[in-house]
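Notes follow the structure.
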Amino acid sequence: MNKKYFAHETSVIDDGCHIGSGTKIWHFSHLMPNCTLGENCNIGQNVVISPEVVLGNNVKVQNNVSIYTGVTCEDDVFLGPSMVFTNVINPRSAVNRRGQYAVTTVRKGVSIGANATIVCGNDIGQFAFIGAGTVVTKEVPAYALIVGNPGRQIGWMSEYGQRLNFDVNGVAICEESKEEYQLLNGEVTKK
């Protein structure tokens, strides 16, 4: 068999994993049974990907990240160093809650900063930006900039990761891409 991905010799890949071509899996990472990784993903050192997790194409997972059962990350998601997802709302050591994992979807293009925690069951809208150390405890709208503990929205971000400043007509232009965005009724869309 000629595999089309790279896995460092210290990584552990359990049976039933599906790994897309061009993906790289680095030192001491563990892919548990039946997880799915798309094409051109990069899995840093000491990452744990639990059973049934799904990562889209071009997902970047930095060192020391834990992605637990119930999580799906769409294409082009960035997961910063040591960030973590939870998967049970009320864990207890003496109470087995396997099979009660909450579902969390991270939409296309989201960036999650270092040491952030995503409490399970809270979806993150496309191209949202979660600051380092943030604790997400509720749904995150598309393009939202979220910081703090608990996480709160302090603005909006472009698809290039630039802060958007809306004028009186609810229009903003990304400084980097020059793309135009519209803010209407509390929602941002790209024009």
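The values are calculated or read from the model by the stated rules, or taken from the named source; none is laboratory data. Just so you know, these numbers come straight off a predicted model, no measurement behind them. Counting neighbours? That spans all protein chains shown, and the Cβs are built from the backbone with ideal geometry, glycine included.
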Looking at residue 180 and the list (1) farther than 19 Å from residue 79 by Cα; (2) surrounded by fewer than 15 Cβ atoms within 10 Å (Cβ to Cβ); (3) within 21 Å of the chain's Cα centre (by Cα); (4) not polar (S, T, N, Q), which single condition is not satisfied?
(3)
What single numbered condition from (1) more than 12 Å from the chain's Cα centre (by Cα); (2) of a type outside the set (A, V, I, L, M, F, W, C); (3) farther than 21 Å from residue 164 by Cβ; (4) surrounded by fewer than 17 Cβ atoms within 10 Å (Cβ to Cβ) fails to hold for residue 101?
(4)
Looking only at the stretch 137-190, which residues are without any contact (Cβ under 8 Å) to a residue 12 or more places away in the chain and small (Gly, Ala, Ser)?
155
Residue count, the stretch 57-91, condition polar (S, T, N, Q) and either farther than 20 Å from residue 103 by Cβ or touching a residue at least 60 places away in the same chain (Cβ under 8 Å) (or both), comes to 6
Output for the stretch 92-106, where each listed residue is touching a residue at least 12 places away in the same chain (Cβ under 8 Å) and part of a loop (DSSP other than H, G, I, E, B):
100, 101, 102, 103
Quick one: which of 39, 9 is in the same structural domain as residue 104 (by TED's automatic domain parsing) and without any contact (Cβ under 8 Å) to a residue 12 or more places away in the chain?
9
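If you scan the stretch 138-175, which residues turn out to be β-branched (Val, Ile, Thr), surrounded by 13 or more Cβ atoms within 10 Å (Cβ to Cβ) and over 19 Å from the mean Cα position of the chain (by Cα)?
If the condition is that a residue be β-branched (Val, Ile, Thr), surrounded by 13 or more Cβ atoms within 10 Å (Cβ to Cβ) and over 19 Å from the mean Cα position of the chain (by Cα), then 171, 173 are the ones that fit.
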Criterion first (in contact (Cβ under 8 Å) with a residue 40 or more places away in the chain and either in contact with a helix residue (DSSP H, G or I) (Cβ under 6 Å, 6 or more places away or on another chain) or within 20 Å of residue 132 (Cβ to Cβ) (or both)) does residue 45 satisfy it?
no
